[in-house]
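Enquirer: Following this message is one structure expressed as structure tokens.
The values are calculated or read from the model by the stated rules, or taken from the named source; none is laboratory data. All figures in this text were calculated on a predicted structure; none of them were measured in a lab. Here the Cβ positions follow ideal geometry from the backbone for every residue, glycine too, while neighbour counts run over all protein chains shown.
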Amino acid sequence: MTKALDDIKIIDFTHVQAGPACTQMLAWFGADVIKVERPGSGDVTRSQLRDIPDVDALYFTQLNGNKRSLTLDTKTAAGKEVLEKLIKVSDVMVENFGPGALDRMGFTWERILELNPKMILASVKGFSDGHHYEDLKVYENVAQCAGGAASTTGFWDGPPTVSAAALGDSNTGMHLAIGILTALRQRDKTGKGQKVACSMQDAVINLCRVKLRDQLRLDRLGYLEEYPQYPHGTFTDVVPRGGNAGGGGQPGWVLKCKGWETDPNAYIYFTIQGHAWGPICDAIGKPEWKTDPLYMTPKARQPHITEIFATIEDWLKDKTKFEAVDILRKFDIPCAPVHSMKEIANDPSLRASGTIVEVDHKARGKYLTVGSPIKFSDMKVEVKPSPLLGEHTDEVLAELGYNSDNIATLHALKAV
Ligand code: CAO
């Protein structure tokens with residue numbers, strides 16, 4: 001079966017998470033992604049947080065499936081020559097080095113364009129070009145703080161909190177993938193390449209737009225009625241941390257279920273969607289609330305929303321999170337169990353849909369990874385294992401026209 005991107009060749013000059021997440025997704029969709037790595041060590045995540053001695057860490061395997069690995073020391077003359085040849089035959093180059101690293105290597109945008117005017121150069125940096133912090137190196141949590149996510153996450157009586165979800169890394173990679181596909185589409189029309197950039201701060205801000213919405217509402221009104229601080233607590237002039245409150249127009253909270261005393265995830269998320277109020281009252285055995293003026297409207301409920309959640313929690317105390325959701329789903333109430341990662345790993349529906357997949361790695365054996373979250377009706381995404389360091393070096397060099405003697409010379413020079 002043909003794949004959407006099977007005519008696209010990508011130089012994957014990325015490392016750690018933000019860049020690799022982007023190129024892995026494009027590789028799933030059929031692009032020939034050649035991961036260029038430093039000889040000897042490769043991407044730092046190959047050896048970070050190892051669970052098996054001398055075997056590529058899961059950090060690496062989870063982010064580099066479906067790629068080929070070419071080792072290349074791009075600081076040597078011979079290595080630069082190989083990279084130049086590769087640039088000439090590729091469509092896209094993706095990089096997430098620290099600011100200025102590519103220029104220092106000699107591959108400025110002007111030089112890349114000279115080698116290949118159709119090239120799309122896609123970059124992730126911590127901050128965007130021209131930003132007063134543009135020189136900073138950035139990791140995940142730094143981006144979450146810089147992008148406004150941390151100041152609005154957590155509980156009001158605790159410090160700013162980062163999310164476990166990779167809002168700075170993988171999220172930026174996904175934004176960059178959209179940028180790359182857009183630039184490819186534009187190139188179809190103009191025949192020209194271009195630079196595509198997405199900063200981690202900007203990608204986080206893009207996910208925090210509802211918090212900017214709240215800042216503007218707070219500026220005008222002085223309060224935010226869907227936050228736990230309303231109406232009994234106090235507001236300052238900045239969006240507060242709202243704990244587990246629902247971020248939109250419907251109140252919600254994480255509620256305890258049977259077994260919460262010993263199981264850290266025996267909880268459900270429960271949402272009081274306005275038009276589900278009647279079914280909620282029926283489900284929890286409080287039909288009288290449907291006609292009680294103290295409970296009938298969202299506005300009437302808000303002042304004692306905590307007491308309402310406490311009543312629902314009382315109803316939940318003899319039900320596991322799964323039993324509770326099975327009851328509530330019959331009433332069309334938006335809710336879900338709080339899943340542990342162990343439950344995610346073993347969820348039969350996620351296995352069946354290909355969101356969680358098992359692949360076979362040459363050194364590690366079978367391992368679980370996250371497959372494509374995007375499903376297509378006319379393209380099958382096959383998730384393949386990550387490559388060993390330099391596994392495809394000779395193969396790629398041969399494709400670039402090097403014969404076995406040339407390849408031996410490159411090895412002797414330690415350029416590959
Ligand atoms: N051959 C020779 N040299 C190579 C090479 C290769 N194949 N690949 C990389 N290098 C060199 C680069 O040329 C650079 O050298 P100089 O600094 O001497 O010019 C160096 O390796 C890489 O530098 P770096 O700044 O990218 O790496 P770092 O470990 O110091 O910083 C990071 C890591 C992630 C903080 C930084 O790359 C960064 O800020 N990237 C942009 C933001 C980003 O993507 N962060 C997300 C990471 S995921 O959490």
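Enquirer: Looking for whichever is basic (K, R), at pLDDT 95 or above and loosely packed, with under 12 Cβ neighbours inside 10 Å here; the options are K362, K342. Which one fits?
Expert: Unique residue meeting the criteria: K342.
Enquirer: I'd like the residue in region 319-337 that is β-branched (V, I, T) and in contact with a Pro (Cβ under 9 Å, 6 or more places away or on another chain) and, out of all such residues, is surrounded by the fewest Cβ atoms within 10 Å (Cβ to Cβ).
Expert: Once the filter is applied, the top-ranked residue is T320.
Enquirer: Could you grab the pairs with beta carbons closer than 7 Å, sequence gap of 6+ or different chains, first residue in region 1-27 and more than 11 Å from L63 (Cα to Cα), second one aliphatic (A, V, I, L, M) and near the ligand (Cβ under 8 Å from one of its atoms)?
Expert: Between residues of region 1-27 that are more than 11 Å from L63 (Cα to Cα) and residues that are aliphatic (A, V, I, L, M) and near the ligand (Cβ under 8 Å from one of its atoms), the close pairs are I11/V36; D12/V36; F13/V36.
Enquirer: Count, please, the residues in region 122-146 that happen to be near the ligand (Cβ under 8 Å from one of its atoms) and assigned to a loop (DSSP other than H, G, I, E, B).
Expert: Looking only at that region, the number is 5.
Enquirer: With the requirement that a residue be among the polar types (S, T, N, Q) and surrounded by 15 or more Cβ atoms within 10 Å (Cβ to Cβ), what does region 365-404 give you?
Expert: Selection gives T369, S372, S386, T393.
Residue-by-condition table, conditions (1) surrounded by fewer than 22 Cβ atoms within 10 Å (Cβ to Cβ); (2) near the ligand (Cβ under 9 Å from one of its atoms); (3) polar (S, T, N, Q):
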{"position": "D7", "(1), (2), (3)": "yes, no, no"}
{"position": "I11", "(1), (2), (3)": "no, no, no"}
{"position": "G19", "(1), (2), (3)": "no, yes, no"}
{"position": "Y59", "(1), (2), (3)": "yes, no, no"}
{"position": "N66", "(1), (2), (3)": "no, no, yes"}
{"position": "A77", "(1), (2), (3)": "yes, no, no"}
{"position": "K80", "(1), (2), (3)": "yes, no, no"}
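Enquirer: Just wondering, is there one or more residues in region 147-159 that are aromatic (F, W, Y), part of a loop (DSSP other than H, G, I, E, B) and within 13 Å of the ligand (Cβ to nearest atom)?
Expert: no
Enquirer: In this structure, does G259 turn out to be touching a Ser or Thr at 6+ places or on another chain (Cβ under 7 Å) and at positive phi?
Expert: yes
Enquirer: Which one is surrounded by the fewest Cβ atoms within 10 Å (Cβ to Cβ), of the residues in region 84-105 that are assigned to a helix (DSSP H, G or I) and touching a strand residue (DSSP E or B) at 6+ places or on another chain (Cβ under 7 Å)?
Expert: Looking at residues that are assigned to a helix (DSSP H, G or I) and touching a strand residue (DSSP E or B) at 6+ places or on another chain (Cβ under 7 Å), I get V89.
Enquirer: Identify all residues within region 27-38 that are within 13 Å of the ligand (Cβ to nearest atom) and either surrounded by 19 or more Cβ atoms within 10 Å (Cβ to Cβ) or under 16 Å from M93 (Cβ atoms) (or both); write none if there are none.
Expert: Of everything in region 27-38, those that are within 13 Å of the ligand (Cβ to nearest atom) and either surrounded by 19 or more Cβ atoms within 10 Å (Cβ to Cβ) or under 16 Å from M93 (Cβ atoms) (or both) turn out to be I34, K35, V36, E37.
Enquirer: Could you tell me which residue of region 39-57 is surrounded by the most Cβ atoms within 10 Å (Cβ to Cβ), considering only residues that are farther than 23 Å from T74 by Cβ and more than 16 Å from the ligand (Cβ to nearest atom)?
Expert: Ranking the qualifying residues of region 39-57, first place goes to V55.
Enquirer: Restricting to region 185-223, what's the tally of residues that are within 23 Å of Q17 (Cα to Cα), out of contact with any Phe, Trp or Tyr (no Cβ under 7 Å at 6 or more places or on another chain) and not small (G, A, S)? First the steps, then the outcome.
Expert: Quick first cut of region 185-223, residues within 23 Å of Q17 (Cα to Cα) only: 195-208.
Then keep just the ones that are out of contact with any Phe, Trp or Tyr (no Cβ under 7 Å at 6 or more places or on another chain); that gives 196-198, 200, 202-208.
From the residues that got through so far, the ones that are not small (G, A, S) too are 196, 198, 200, 202, 204-208.
Residues meeting the conditions: 9.
Enquirer: Sticking with this one: Kindly list the number of the only condition in (1) in contact (Cβ under 8 Å) with a residue 60 or more places away in the chain; (2) under 20 Å from Y230 (Cα atoms); (3) touching a helix residue (DSSP H, G or I) at 6+ places or on another chain (Cβ under 6 Å) that fails for Q302.
Expert: (3)
Enquirer: Let me ask something additional. Can you tell me how many residues within region 160-178 are of a type in the set (S, T, Y) and more than 16 Å from the ligand (Cβ to nearest atom)?
Expert: Residues meeting the conditions: 1.
Enquirer: Just name the residue that is nearest to G98 (Cα to Cα) out of those in region 181-220 that are surrounded by 14 or more Cβ atoms within 10 Å (Cβ to Cβ) and among the small types (G, A, S).
Expert: S199
Enquirer: Next question, about the same structure. Any idea which of K80, K67, K85 is touching a residue at least 40 places away in the same chain (Cβ under 8 Å), farther than 30 Å from L368 by Cβ and of a type in the set (K, R)?
Expert: None of the others qualify; the one that does is K85.
Enquirer: What do you reckon, is T236 among the hydroxyl-bearing types (S, T, Y), under 35 Å from the mean Cα position of the chain (by Cα) and within 26 Å of C208 (Cα to Cα)?
Expert: Taking the combined requirement at face value, the residue satisfies it.
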